[in-house]
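Taken together, the values in this text are just the output of simple stated rules run on the coordinates, not laboratory data. Remember, it's a predicted structure, so these values are computed and weren't measured experimentally. Methodologically, a virtual Cβ is constructed for each residue, glycine included, from the backbone with ideal geometry; neighbour enumeration extends over all protein chains shown.
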Amino acid sequence: MKNLLSLIFLVLISGPCFGQDRGGSMTAFDVVEQIKANLTCSWADQTVDTFKAGDPEGEVTGVACTFMATVEVLKKAAELGCNLVITHEPTYYNHFDNKDLLEGDPVYAAKQAIIDENKLVVFRFHDHWHRTTPDGIYVGMVDRLQWDSYLVEGEKNIFDFSGYKLLDVTTHMKQLFPDAIIRVIGDPMLVVKRAAFSAGAPGSASHIRLLQQEDINLVVIGEAPEWESLAYVRDASQAGLPKAMIILGHAVSEEAGMEYCAQWMASFIDEVPVQFIESGDPFHQ
Ligand SMILES: [Zn+2]
């Protein structure tokens, strides 16, 4: 009787079935529940942050965080024994991972074969990693850019670069990302006032809004259509209203944020190893 009572007591206090309650085993679903519990924002009903492949109820052997679940990243994850891949960007070439276009497609088939053969589970972690406070991508990127000391108080992405020229900032970028193809619009001798960092692809309107602020004359971006905010910056220069833009490319502008995601997840997941796998810049000369 006493044993039965202790058993009931244990069941009552153990609460939700996270991995630690099952002697160390954890499902992908459990991992995502842990992510949700550690965010500052509530989980949205409409979100791209969903499972994209594999069985969420399967046991997780290790977690790999990455900017993008490319073919090479998936292979590396399998090699490292990480069967849960947490990716910031889509797996199937569009924002909603819609596969309509991919029926009978050989690239899709090749990628899916790696996922299936290695019983990988892929989960996208995009919206909420940006919505949590502070924005996880910006935390990782500001650290990678070594810009902490220039951050304007109360801002997450505005930096005071008074005294630096555009060329100085570009040179620093090229040193930080020696393999990246970094593109610049604007006079290299432009004296920078404040610079805004805009990770990923938030849309040209958000770049233009930043540049419309009197004291911001440089915006460092991930990507945008070349005929939108990029054209705005060129027109500004040509009209004698000098503004500048540094285009890092989407991956370069966000990847360090997913390296930080691995550190963040490792701070609350003890049951399985969590590591970062670089997907890298897709471009070469
Ligand atoms: Zn992002």
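Return the FRET efficiency for the residue pair Ser267, Leu151: r is the Cβ-Cβ distance, R0 is 22 Å, and the value is rounded to the nearest 0.05.
With a Förster radius of 22 Å, E is 0.45.
So if each residue of separation counts as 0.36 nm, and I subtract the Cα-Cα distance between Arg234 and Ser206, what length gain in nm does that give?
Length difference between fully extended and current span is 8.4 nm.
Give me the angle, in degrees from 0 to 90, between the Cα long axis of helix 106-117 and the longest principal axis of the Cα atoms of the chain, rounded to the nearest 10.
It works out to around 40 degrees.
If the only charges are +1 at each Lys and Arg Cβ and -1 at each Asp and Glu Cβ, what is the size of the charge dipole of the chain around the Cα centre, to the nearest 20 debye?
Value, rounded to 20: 360 debye.
Expected output is a single nm value to one decimal: the length gained when fully extending between Thr50 and Tyr108, i.e. 0.36 nm times separation in residues minus the C-alpha distance. What is it?
Gain on stretching Thr50 to Tyr108: 19.0 nm.
Return an integer: the convex hull volume of the alpha-carbon atoms of the chain, in Å³ per residue.
163 Å³
How high is the FRET efficiency from Asp179 to Leu241, r the C-beta distance, R0 22 Å, rounded to 0.05?
Once the sixth-power term is evaluated, E becomes 0.05.
Using alpha-carbon pairs under 8 Å, 6+ residues apart, how would you state the relative contact order of segment 137-248 in percent?
Answer for segment 137-248 is 26 percent.
How far is helix 229-238 tilted, in degrees, relative to the longest principal axis of the Cα atoms in the chain, given as a value from 0 to 90 rounded to the nearest 10?
Between the helix axis and the principal axis of the chain, the angle is about 20 degrees.
Place +1 on the Cβ of every Lys and Arg and -1 on the Cβ of every Asp and Glu in the chain, take the dipole about the Cα centre, and give the residue among Gly257, Asn118, Ile246 whose Cα lies farthest towards its positive end.
Farthest towards the positive pole: Ile246.
Show which lysines lie in cross-link reach of Lys165 when reach means a straight Cα distance below 27 angstrom and same-chain residues fewer than eight apart are skipped.
Lys156, Lys174, Lys193, Lys243
As I understand it, the value is the acute angle between the Cα axis of helix 2-14 and the longest principal axis of the Cα atoms of the chain; what does it come to in degrees, rounded to 10?
That works out to roughly 10 degrees.
Could you work out the relative contact order of the chain, using alpha carbon pairs under 8 angstrom and six or more residues apart, expressed as a whole percent?
Relative contact order for the chain comes out at 21 percent.
How big is the dipole moment of segment 37-166 about its Cα centre under a simple scheme where the beta carbon of each Lys and Arg is +1, that of each Asp and Glu is -1, and everything else is neutral? Debye, nearest 20, please.
Charge dipole of segment 37-166: 300 debye, to the nearest 20.
Projecting each Cα onto the charge dipole of the chain (Lys/Arg +1, Asp/Glu -1 at the beta carbon, about the Cα centre), which of Leu210, Thr87, Ala266 comes out farthest on the positive side?
Leu210
List every residue whose amide H lies under 5 Å from the amide H of Val274, counting only residues 5 or more places away in sequence or on a different chain, with H placed 1.01 Å from N in the peptide plane.
Distant-sequence amide H within range of Val274: Val63.
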